Amino acid sequence: MQNAVAFADNDVVVIAWSYGRKLAGCMGFAVYRIDAAGKETPLPSMAVFPKMKRFPAQTTEQFPVQKFYWKDPYARLIADGGKDGVDNRTFRYKIVPLEGAPGKLRPMRVGFAISNAVTLTPQVAPDLRAYFNRGLISTQRVSRAMDGRPDKDSLLAMVAQAGSAVRKSLAGDMLDALLDFVGRVSQGGALYAALYELGDDELISALEGAGKKLHLILSNPKAGDKQSASGVTDGNQASRQRLRKTAGTLIDRMAPDNHIAHNKFLVYVDAKGKPRAVLFGSTNWTSTGLCTQTNNSIVSDDAALAGRYLDYWKQLAKDTEAAGGKAKSLQGAQLRAWDTKPKSFKQDGGATVASWFSPNTAKPRGRSRADEPRPPDMEALAALIAGAQHAVLFLAFYPGTPSIVNWVAQAQKANKALFVRGCVTNPSTAAGFLYELQGVEPPKRKKGDPPGKQDPRVISAKALTSVIPSGWQKEILSAGFAVTHDKIVVIDPFSENCTVVTGSHNLGYKASYDNDDNLAIFTGQRALAQAYVTHVLDIYDHFSWRWMVQEKGAKAADTMLSLTPDEWQSKYFDDNGEIRSAQLKFWLGAVPD
C-alpha cells in the first residue's frame, strides 16, 4: 500500500513514504516536486553509485534516494522566484520506485505515491505566524559561495551587507518578518521593545525610522574586552548611540556579571495605546542572529497576549528605574514576584498559550546547587516533558544544568518507545543527555578536556571540518558563539494535546534564576506544532549525518549508494514489513491537516 505524507514550515518541506514492505529489486526512489500548475521537477541528489562520478545538476532520477523520507530545501528557491499572482509556495510530491542497473534505471511496476499538498507559509492560525530562518552555514552551498574556503570573517562581512545574496538566502523570511513588524507604526501607534543584542545596520535603521514611536529597553551583551564607562561590557554601544537620537524612550538595562537581560520581543500598540500584536522568539537583532545560527520568531496578533508582553515591558522599565543605575540592584523583589505568576489565554479551536517571564525565583542562583528550588516555569516544563506520550524533540544553544536535557532523558528512560531527537550547540550539553540516561553524574571537567560521549538521539552540531567525504568541500561550523540558537521543545506534535515551547528562555535553571527572559507554551495548535517539528528535524537531520561522519571517521563518510536493494531497505523495514526506522515510524504515524 502506497502512502506518502508531507509537512512544511515557511522554509522547508519534509516528505515520508511507505509501500508497507521492502520492494524487491528497488534501487531507490526518484522524488518529484509538483507545483500548483502541475509541473513535475525531480529533486537534486548528492550521492552516486560506486565507480560513478557526481555531476552538476544531477537528480534523483539518475541517483535515487535510498531512504523512505527526504527533505526539500530547494522549494523556497522556487517560491522566491515565482511570478506575481502565481501560487508558487504550494507543492505536492511524487515518489517513484526505480529498478534496474545504475545508469539504466526505470520505474517499477508497483506504481508511484503522491503526497498531500503543503504550503511554505508562516501562517499557522488566523492570528499566528511562525518564522524560521535558514541559518545553517555548514552547507555545501555556503562553501561553494566561498570557493571551498569558508572563512568566518568573510562570511560575517557577507551577511552584514544589506541585499547580498548570501544574507538573503540565510535570513530567509526572518528579515522581512522583523522589518514588517517595525513597519506597523507607519499606520500609527507605537512599539515597545526589549532587546538583548542589536547590531544589524538594516534593523537599526528600521528602528530609527520609527522615531519617537519607539520605546526601547536595550541591554548590554558582552563585546569582547571592550568596556563601557561604567565598567560593564556593552556590545550595543554603537546602536545605543544611534537610537538615543531618535527613539521616544531608550532605557539602558545594564545587567551585572552572570546575569543577562536576554529578551528579544516587540509589542505593537495602536493609535489609542491598545496592544495589538507581539513578536518574540530566539532571534537576536544582529546579522548573526538573522543568518549564521538557527532561530525562530512568533508573530501573534492576539491582543491579550500582546497586552501581557506590554505589562512585562512596563515591569522591566519600573525595575530599571528602581535600581537607580546600580546593576546589582536590577531584578528586584517586585519584578521577581510579578514574574512568578503565569497567565494563560484561549486561542482559536480550543488551543491555549501560557505565558511565563523570568527571573521568577525569590533570589538569584547561589553557588550551591544542593536542594535549590526548581523555578516555577521549569516545573511546568518538566511536567509536560514527563507526560509526553509519543515524542519529544528540541533545539537549544546551551541550557546549562538542570535543564530540558535532563528531563528528556528521564522521560526516555521511563518510556523507551518515546521518540526523542535533539540538537544543541554545546557538546557537554549533549553528553549530559547520555549521562542522565546512564544514571551517572557528569565528571568534573577541566578546561581543554574533551567533551563526553554522545547518544545519537541528542547530539551537538558538527560540520565537515576534519573528515570530508570524497567530492565534498570543507564547511564552516560557526561564525559566532552559537550554531543552534533556537530554544524549542515540541511534545507529541501530531496529537490533540500537542505542545510547542518557545521564546528567549534557554530552557534551564540558569535562565529562570538570573536572566530577563520570556517563555510561551502553546497547547493544541497543531499547525504550529507541525511547523516546529519540521524545523527541528530539518536541523537535527542536517547535523546528525555530519556528527556521524566527524565522530566515526572515514568509514561513515562513504556517500556511495548501495547496489544491493535488500541492504539499504533493511534499515527501514524487516522481512515482515515492520518498520525499523524510528524516524520513519514517527512521520508515518502523523495525519497531516
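The values are calculated or read from the model by the stated rules, or taken from the named source; none is laboratory data. The model shown is predicted, which means the values in this text are computed figures rather than measured ones. Note that we place each Cβ from the backbone using ideal geometry, even for glycine, and neighbour counts take in every protein chain shown. Keep in mind that these areas ignore ligands, DNA and RNA; they rest on the heavy atoms of the full protein, side chains included. Shrake-Rupley method; radii C 1.70, N 1.55, O 1.52, S 1.80 Å.
Quick notes
- Any hit, segment 249-262, residues being acidic (D, E) and modelled with pLDDT under 95: yes
- For segment 1-21, the candidate set comprises residues that are part of a loop (DSSP other than H, G, I, E, B) and farther than 29 Å from T564 by Cβ; within that set, the residue that is most open to solvent (accessible area, probe 1.4 Å) is D11.
- Subset of segment 118-133 that is open to solvent by less than 40 Å² (accessible area, probe 1.4 Å) and assigned to a loop (DSSP other than H, G, I, E, B) - its residue that is nearest to E475 (Cα to Cα): N133
- Look at segment 504-532: where a residue is open to solvent by 10 Å² or more (accessible area, probe 1.4 Å), no partner that is among the polar types (S, T, N, Q) and part of a helix (DSSP H, G or I) sits 6+ places away or on another chain with Cβ atoms under 7 Å.
- Exactly one residue out of A354, A396, A463, A382 is at pLDDT 95 or above, within 23 Å of K552 (Cβ to Cβ) and under 21 Å from the mean Cα position of the chain (by Cα), and it is A463.
- Cβ pairs under 8 Å, 6+ apart, first in segment 171-197 and free of Cβ contacts under 8 Å to residues at least 40 places away in the same chain, second open to solvent by less than 10 Å² (accessible area, probe 1.4 Å): L179/L203
- Residue within segment 342-354 that is touching a Pro at 6+ places or on another chain (Cβ under 9 Å) and charged (D, E, K, R) present: yes
- Cβ separations smaller than 6 Å between residues 6+ apart or across chains give the following pairs from segment 431-445 residues that are closer than 11 Å to V408 by Cα to residues that are among the polar types (S, T, N, Q) and not in a loop (DSSP other than H, G, I, E, B): E436/N406.
- Some residue of segment 238-246 being free of Cβ contacts under 8 Å to residues at least 60 places away in the same chain, assigned to a loop (DSSP other than H, G, I, E, B) and touching a helix residue (DSSP H, G or I) at 6+ places or on another chain (Cβ under 7 Å): yes
- Candidate set: segment 322-338, residues that are touching a residue at least 60 places away in the same chain (Cβ under 8 Å) and assigned to a helix (DSSP H, G or I); chosen: the one least open to solvent (accessible area, probe 1.4 Å): A327
- For segment 234-249, a residue qualifies if it is open to solvent by 30 Å² or more (accessible area, probe 1.4 Å) and over 25 Å from the mean Cα position of the chain (by Cα), and the qualifying residues are Q237, A238, Q241, R242, R244, K245, T246, G248, T249.
- Only residues that are in a helix (DSSP H, G or I) and open to solvent by 20 Å² or more (accessible area, probe 1.4 Å) were counted across segment 170-219, and they come to 16.
- In the set (1) without any contact (Cβ under 8 Å) to a residue 24 or more places away in the chain; (2) crowded, with 24+ Cβ neighbours inside 10 Å, N284 fails one condition alone, (1).
- Yes/no for A162 being in contact with a Pro (Cβ under 9 Å, 6 or more places away or on another chain) and not basic (K, R): no
- The residues on offer are R421, R374, R365, R369, and the sole one that is open to solvent by less than 50 Å² (accessible area, probe 1.4 Å) and over 30 Å from W547 (Cα atoms) is R365.
- For segment 548-579, a residue qualifies if it is of a type in the set (S, T, Y) and crowded, with 18+ Cβ neighbours inside 10 Å, and exactly one does: Y572.
- When segment 580-593 is limited to residues that are of a type outside the set (G, A, S), open to solvent by 40 Å² or more (accessible area, probe 1.4 Å) and in a loop (DSSP other than H, G, I, E, B), the one that is modelled with the lowest pLDDT turns out to be D593.
- Unique residue being assigned to a helix (DSSP H, G or I) and open to solvent by 30 Å² or more (accessible area, probe 1.4 Å) when the list is K318, K341: K318
- Check on F397, touching a Phe, Trp or Tyr at 6+ places or on another chain (Cβ under 7 Å) and either surrounded by 13 or more Cβ atoms within 10 Å (Cβ to Cβ) or more than 30 Å from S428 (Cβ to Cβ) (or both): no
- Taken over segment 499-546, the residue count meeting the criterion of being in a helix (DSSP H, G or I), farther than 15 Å from T294 by Cβ and either within 18 Å of the chain's Cα centre (by Cα) or of a type in the set (V, I, T) (or both) is 6.
- A residue that is at negative phi, hydroxyl-bearing (S, T, Y) and buried (at least 24 other Cβ atoms within 10 Å of the Cβ) cannot be found anywhere in segment 461-483.
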